[in-house]
Every structure is written in C-alpha cells, then in structure tokens.
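The values are calculated or read from the model by the stated rules, or taken from the named source; none is laboratory data. Predicted model only: the values in this text are computed from it and were never measured. No Cβ is skipped: glycine too gets one built from the backbone with ideal geometry, and neighbour counts run over all protein chains shown. Accessible surface is based on the protein model in full, side chains and every heavy atom, while ligands, DNA and RNA are left aside. Shrake-Rupley method; radii C 1.70, N 1.55, O 1.52, S 1.80 Å.
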Amino acid sequence: MARPQMLKLPEVLTEIGMSRAAFYRMRARGQAPRLVKLPNGHLRVRRNDLDDWLSNLDSPAY
C-alpha cells in the first residue's frame with residue numbers, strides 16, 4: 001500500500017491561494033484541512049485531506 005502524499009504548508013497555501021495568517025484563522029475556527037505534525041516538528045497536510053476539504057466547501061463560486 002502506498003503512503004499518502006504529504007504536502008508542505010507553503011504548497012497548500014499556494015494551491016488554495018490563501019495567506020498563512022488567513023489559513024491559521026480558519027484553522028482556529030476548525031474550518032481548515034487537518035494538519036499533521038511530524039516528529040521533527042514540521043507540518044504537513046495529507047493530499048486526500050486537502051482534496052476532501054476542497055470538495056466539501058459550503059458555497060461554490062459561480
């Protein structure tokens with residue numbers, strides 16, 4: 001079984017077009033994709049967690 005792809009936070013921020021501060025505000029409200037803290041202290045987001053989060057956003061832009 002393949003390991004899930006882990007994205008660095010700057011990669012996630014670039015993909016979703018959001019600043020780090022805005023991301024952390026959303027995270028504090030429980031509205032951001034789940035972060036995984038690695039043993040070395042670095043933060044990652046699993047690709048499937050980000051994809052699920054994006055597909056479940058409440059209001060699509062038309």
- List every residue pair whose Cβ atoms sit under 7 Å apart, with the two residues 6 or more apart in sequence or on different chains, where the first one lies in region 14-43 and is in contact (Cβ under 8 Å) with a residue 40 or more places away in the chain and within 15 Å of Leu57 (Cα to Cα) and the second, anywhere, is open to solvent by 70 Å² or more (accessible area, probe 1.4 Å) and not hydrophobic (A, V, I, L, M, F, W, C). none
- Task: Give the residue that is nearest to the chain's Cα centre (by Cα), with candidates limited to residues of region 33-47 that are assigned to a strand (DSSP E or B) and not charged (D, E, K, R).
- Result: Val45
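Restricting to region 18-32, what's the tally of residues that are open to solvent by less than 70 Å² (accessible area, probe 1.4 Å) and part of a loop (DSSP other than H, G, I, E, B)?
Final tally of qualifying residues: 4.
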- Message: For region 48-59, which positions are open to solvent by 60 Å² or more (accessible area, probe 1.4 Å) and either closer than 18 Å to Lys8 by Cβ or part of a strand (DSSP E or B) (or both)?
- Response: Asn48, Asp51, Leu54
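A quick yes/no check of all residues on (1) at pLDDT 90 or above; (2) at positive phi:
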position	(1), (2)
Gln5	yes, no
Val12	yes, no
Glu15	yes, no
Tyr24	yes, no
Leu35	yes, no
Gly41	yes, yes
Arg46	yes, no
Asp49	yes, no
Pro60	no, no
